[in-house]
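A.B. asks: Dumping the structure here so I can ask a few things about it.
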Amino acid sequence: MQRSFNNANTPSIESSRIAVPIGTTLDRFIKNNQDQFAYASGELSQLLRDIALASKVVNREVNKAGLIDIMGAVGSQNLAGDDQQKLDVLANIRFTRALTKGGEASALVSEELDTFVDLNNDGKYVIAIDPLDGSSNIDVNVSIGTIFSIYRRKSPVGTPIQEEDILQPGSEQVAAGYVLYGSSTMLVYTTGHGVNGFTYEPTLGEYFLSHPDMRMPVDGKIYSVNEGSANSFSAPMKAYIQYCKDQRYTARYIGSLVADFHRNLLKGGIYIYPATAKDPKGKLRLIYECNALAFIAEQAGGAATNGHERILDLTPATLHQRTAFYVGSLNMVEKAGELESAS
Ligand code: AFP
């Protein structure tokens, strides 16, 4: 099948496999691979370290949820209308602090903030982050995640941040990743040279390389979609679900994007959040949810579309723009796309 939805130019498994033994810490890995960055000056490396540090703090709080009074809704809503959970707020504070103190980032976009923040510094990078996705799962002890994207700013350093810095297509990402707070905590990221996963060792307080050069199976047998909304799916989407059933695929849907994505990355599968009657443009946010996972999927040999177009080619018009999202194993995403295009 033609790889029309994967323009990543990912190096072959052989050429991108990085010769590092298991036991390599995240810090060492970042240092050893710094020269892969297009503009290797150490600032991007520092941002990745800052994200890792904030994730350790959030991980600690997530693991304490239920023990102290940090569970449950805080009583306010973010711009998207979701109830803000206390841990969402806390995660936003932790990541914002970690990412802004070093001066590498000049602007920040967060799911939890109505507008972007111009940090008024000489930082070269713009960060988009969903500090804690899947927050409705917190109270029931289900895996949740942090999603991040890093872009280079377009406008000259030292001038006010412009729309063009914030509304960049996902293809402009220089790094992206996620942290999964699950049965173990993992940080998975790409800088456009394949995907590597690190597992957190809590007693040592370190991430260790556990999943070097992650590859998503080209075919999979898992489909992840909220079938409770199936009555309002488009005819092609309904046809694709029927196709999955005819193929005797397995349905697995956690309702926590990072967890569903991670499982499908490892095992092969497709995650779909299509347009529904409730969310006619899809539910998920392009800038701080879909772009990062699309970048990782492509770098691992998978694909991500909105049913018709490659996610990484979409130029956002607004900060909190939503999109339909089909992401996962290349052949599965292409099959779903074929049915959409045939309609
Ligand atoms: P919450 O952060 O409100 O739990 O939303 C999670 C999410 O953004 C994503 O992680 C899930 O895959 C998706 O929404 C679940 O949405 P549905 O409940 O409509 O299936």
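The values are calculated or read from the model by the stated rules, or taken from the named source; none is laboratory data. What you see is a predicted model; the values in this text were computed from it and never measured. Every residue, glycine as well, gets a Cβ built from its backbone with ideal geometry; the counts of neighbours run over all protein chains shown. Calculation scope for accessible area: heavy atoms of the full protein, side chains included, ligands and nucleic acids excluded. Shrake-Rupley method; radii C 1.70, N 1.55, O 1.52, S 1.80 Å.
A.B. asks: Which whole-number percentage describes the relative contact order of the chain, with Cα contacts under 8 Å and a sequence gap of 6 or more? Mind dumping the intermediate values first?
C.D. replies: Values: 746 pairs, mean separation 61.1, N = 343.
Relative contact order comes out at 18 percent.
A.B. asks: Over the chain, with every protein chain in place, what whole percent of the accessible area is carbon and sulfur at 1.4 Å, could you tell me?
C.D. replies: 49 percent
A.B. asks: Along the positive direction of the dipole of the chain (beta-carbon charges: Lys, Arg +1; Asp, Glu -1; about the Cα centre), which of 218, 182, 128 reaches farthest?
C.D. replies: 218
A.B. asks: Dipole magnitude of the chain about its Cα centre, charges +1 at Lys/Arg Cβ and -1 at Asp/Glu Cβ only, in debye to the nearest 20? Numbers along the way, then the final one.
C.D. replies: Working: 31 positive and 38 negative charges, 140 e Å.
That gives the chain a dipole magnitude of about 680 debye.
A.B. asks: With the contact rule set at Cα under 8 Å and sequence spacing of 6 or more, what percent relative contact order holds for region 212-343?
C.D. replies: On the way: 256 pairs, mean separation 44.0, N = 132.
Here the relative contact order equals 33 percent.
A.B. asks: Using a Förster distance of 25 Å, how high is the FRET efficiency between residue 250 and residue 183, based on the Cβ-Cβ distance and rounded to 0.05?
C.D. replies: Values: r = 19 Å, r/R0 = 0.77.
The value I calculate is 0.80.
A.B. asks: On to the next question. Could you list the trypsin sites (Lys or Arg not before Pro) in region 95-194 that lie in coil according to DSSP, counting only those with at most 13 other Cβ atoms within 10 Å of their Cβ?
C.D. replies: On the way: sites: 97, 101, 124, 152, 153, 154; in loops: 101, 124, 153, 154.
Qualifying residues, ordered by number: 101.
A.B. asks: Related question: Count the net charge of all other residues whose Cβ sits under 12 Å from the Cβ of residue 306, scoring Lys and Arg as +1 and Asp and Glu as -1.
C.D. replies: Working: positive: 281, 310, 322; negative: 309, 313, 340.
The answer is 0.
A.B. asks: Just to be sure I understand: with springs between alpha-carbon atoms less than 10 Å apart, which residue in 331, 141, 92 has the highest mean-square fluctuation in the Gaussian network model of the chain?
C.D. replies: 141
A.B. asks: Net charge around residue 282, counting only other residues with Cβ within less than 11 Å of its Cβ (Lys, Arg = +1; Asp, Glu = -1)?
C.D. replies: Overall, the nearby charge balance is +3.
A.B. asks: Further question on the same structure: Quick check on region 26-211: what are the equivalent-ellipsoid semi-axes from the Cα gyration tensor, as sqrt(5λ), descending, whole Å? Kindly include the intermediate steps, with their values, before the conclusion.
C.D. replies: Working: eigenvalues 138, 94, 32 Å².
That gives 26, 22, 13 Å for the three semi-axes.
A.B. asks: Okay, moving on. Once amide H atoms are built 1.01 Å from N in the peptide plane, which residues 5 or more positions from residue 197, or in another chain, come under 5 Å H to H?
C.D. replies: It is 210, 211, 213, 214, by chain and number.
A.B. asks: Separation between the residue 159 and residue 63 pseudo-spin-labels, each 7 Å from Cα along Cα→Cβ, expressed in nm?
C.D. replies: 4.7 nm
A.B. asks: Calculate the radius of gyration of the Cα atoms of region 205-343 to one decimal place, then report Dmax, the largest Cα-Cα distance, as a whole number, both in Å.
C.D. replies: Using the Cα atoms of region 205-343, the pair Rg, Dmax is 14.5, 51 Å.
A.B. asks: Also, I was wondering about something else. Assign unit charges at the C-beta atoms only (+1 for Lys and Arg, -1 for Asp and Glu), then state the dipole size of region 232-343 relative to its Cα centre in Debye, rounded to the nearest 20. Could the numbers behind the result be given before it?
C.D. replies: Working: 13 positive and 10 negative charges, 85 e Å.
My answer is approximately 420 debye.
A.B. asks: Where only protein heavy atoms count, and the probe is 1.4 Å, what is the accessible area per residue for the chain in Å²?
C.D. replies: On the way: 14190 Å² over 343 residues.
Solvent-accessible surface per residue comes out at 41 Å².
A.B. asks: Given the Cα-Cα distance of residue 28 and residue 317 and 0.36 nm per residue of separation, how much length would full extension add, in nm? Don't skip to the answer; put the middle values down first.
C.D. replies: Details: separation 289, 0.36 × 289 = 104.04 nm, distance 3.82 nm.
The span from residue 28 to residue 317 would gain 100.2 nm if fully extended.
A.B. asks: Per DSSP H run of n ≥ 4, the term is -39500 (n - 2.57); total these for the chain, divide by its residue number, and report the mean residue ellipticity at 222 nm rounded to 500 deg cm²/dmol.
C.D. replies: Details: 9 runs with 97 residues, N = 343.
Calculated at 222 nm, the ellipticity per residue is -8500 deg cm²/dmol.
A.B. asks: Further question on the same structure: Please state the charge dipole magnitude for region 26-211, taken about the Cα centre, from unit charges on C-beta atoms (+1 on K and R, -1 on D and E), reported in debye and rounded to the nearest 20.
C.D. replies: Numbers: 14 positive and 24 negative charges, 127 e Å.
Dipole size: approximately 620 debye.
A.B. asks: Count neighbours as other Cβ atoms within 10 Å of each site's Cβ, and list the chymotrypsin sites (Phe, Trp or Tyr not before Pro) in region 98-151 that are DSSP loop with at most 13 such neighbours.
C.D. replies: Working: sites: 116, 125, 148, 151; in loops: 116.
Sites meeting the loop and neighbour criteria: none at all.
A.B. asks: Tell me whether the chain comes out rounded, prolate or oblate; compute the Cα gyration tensor, take square roots of the eigenvalues as a ≥ b ≥ c, and use a/c under 1.5 as the rounded threshold.
C.D. replies: Details: a/c = 1.33, a/b = 1.23, b/c = 1.08.
Cα axes put the chain in the rounded bin.
A.B. asks: When Lys and Arg each count +1 and Asp and Glu each count -1, what net charge do the other residues less than 14 Å away from residue 341, Cβ to Cβ, add up to?
C.D. replies: Numbers: positive: 310, 335; negative: 309, 334, 338, 340.
Local charge sum for residue 341: -2.
A.B. asks: Quick one: check the C-alpha center-to-center distance for region 296-322 versus region 116-168, whole angstrom.
C.D. replies: When both Cα centres are located, 16 Å separates them.
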